[in-house]
Amino acid sequence: MAAGKKNAQRLRASLVFLDESGRLLAPLVRRSWAPRGCTPVLVQTLRYREKVSCIAALSLSPQRRRAGLYFSLRPNANLTTVWLRAFLCDLLRHLRNPVVLVWDRLPVHRAHALQEFFLRRRRLHPVLLPPYAPELNPVETLWAYLKQNPLANLAAPDALSLAKIAHRHARRVQSTHPLLHSFFRSTPLF
C-alpha cells in the first residue's frame, strides 16, 4: 500500500479509496434512549430479500487537504462491472487530476472488462489493497458509521425508501469535512 501512496504523491494525483456495501431491510438494532416502561418497537416488513447496494469512494486531494465523498445507491441491484464502470467514469469527471484508485481484491475489480477500461483511462491508476485488510480502507469506517449511527434502528417499509433515507444521510456526511477526514485518520495509513 505504501507504493500506492508514494505513486499518488509522485503523480500529484488524488488518492481515492473505493468500496462496495449493501443494506438489507432488516434493521440493525442498537440501544436507544426511551422513557422507562416505553420500550421502542421496530415494525419490520417481511421482505427478506430486498436490499440497497452501494458504491462509495473517499478521495483526498493531491495536497491531502480536501476530502470528498462520492457514492451511488441502487435498490434491489447487485454490483456489476457496468455499474462500476459508470461510477468510475462519473468519478473521473469530478476529479480533474490523475487518480490513484485503491480498492480491495473483489473478483469484479479484477474482471477483464475493467482491466480494459483501465487501459483506456491513462489518468486512472488502480492499486489493490493486501488480502483481508479492511482496516486499511477508510470507506469501511464510513459504512460502519452510517450503519451504526444514522441508519441504526431504521425499519424501512421497502428498498426504495431505504435508498432515499440512506442517500439523505450520505449527503449529510458528504458535506461534513471533519467527519470525512476522520475516516482517513481511522486507518493506520494516515
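The values are calculated or read from the model by the stated rules, or taken from the named source; none is laboratory data. These numbers were taken from a predicted model, which means no experiment stands behind them. Positions of Cβ are backbone-derived with ideal geometry, glycine not excepted, and every protein chain shown enters the neighbour counts.
Consider only pairs whose beta carbons are under 8 Å apart and that are at least six residues apart or on different chains; among these, list those whose first residue lies in the range 60-76 and is on the phi > 0 side of the Ramachandran plot and whose second residue is of a type in the set (A, V, I, L, M, F, W, C). Partner pairs satisfying both residue conditions: Arg64/Leu15; Asn76/Val52; Asn76/Ala159. Scanning the range 142-152 for any residue that is crowded, with 17+ Cβ neighbours inside 10 Å and either of a type in the set (Gly, Ala, Ser) or in a strand (DSSP E or B) (or both) turns up nothing.
Candidates Leu69, Leu114: the one that is at pLDDT 90 or above, in contact with a helix residue (DSSP H, G or I) (Cβ under 8 Å, 6 or more places away or on another chain) and closer than 25 Å to Pro131 by Cα is Leu69. Could you list, in sequence order, the residues of the range 72-111 that are charged (D, E, K, R), over 21 Å from Pro130 (Cα atoms) and assigned to a helix (DSSP H, G or I)? Listed by number, the residues that qualify are Arg85, Asp90, Arg93. Name the residue that is surrounded by the most Cβ atoms within 10 Å (Cβ to Cβ), counting only residues in the range 64-86 that are among the charged types (D, E, K, R) and under 25 Å from Arg185 (Cβ atoms). Within the range 64-86, the match that is surrounded by the most Cβ atoms within 10 Å (Cβ to Cβ) is Arg64. Just one of (1) touching an Asp or Glu at 6+ places or on another chain (Cβ under 9 Å); (2) surrounded by 14 or more Cβ atoms within 10 Å (Cβ to Cβ) fails for Gln174. It is (1).
Residues in the range 135-190 that are touching a Pro at 6+ places or on another chain (Cβ under 7 Å) and free of Cβ contacts under 8 Å to residues at least 40 places away in the same chain: His169 only. Exactly one residue out of Ala155, Ala170 is of a type in the set (A, V, I, L, M) and not in a loop (DSSP other than H, G, I, E, B): that is Ala170.
From the list Ser182, Ser161, the lone residue that is at pLDDT 85 or above and either of a type in the set (Gly, Ala, Ser) or out of contact with any Phe, Trp or Tyr (no Cβ under 9 Å at 6 or more places or on another chain) (or both) is Ser182. How many residues are surrounded by 14 or more Cβ atoms within 10 Å (Cβ to Cβ) and part of a helix (DSSP H, G or I) when one looks only at the range 119-141? Residues that pass the stated criteria total 6.
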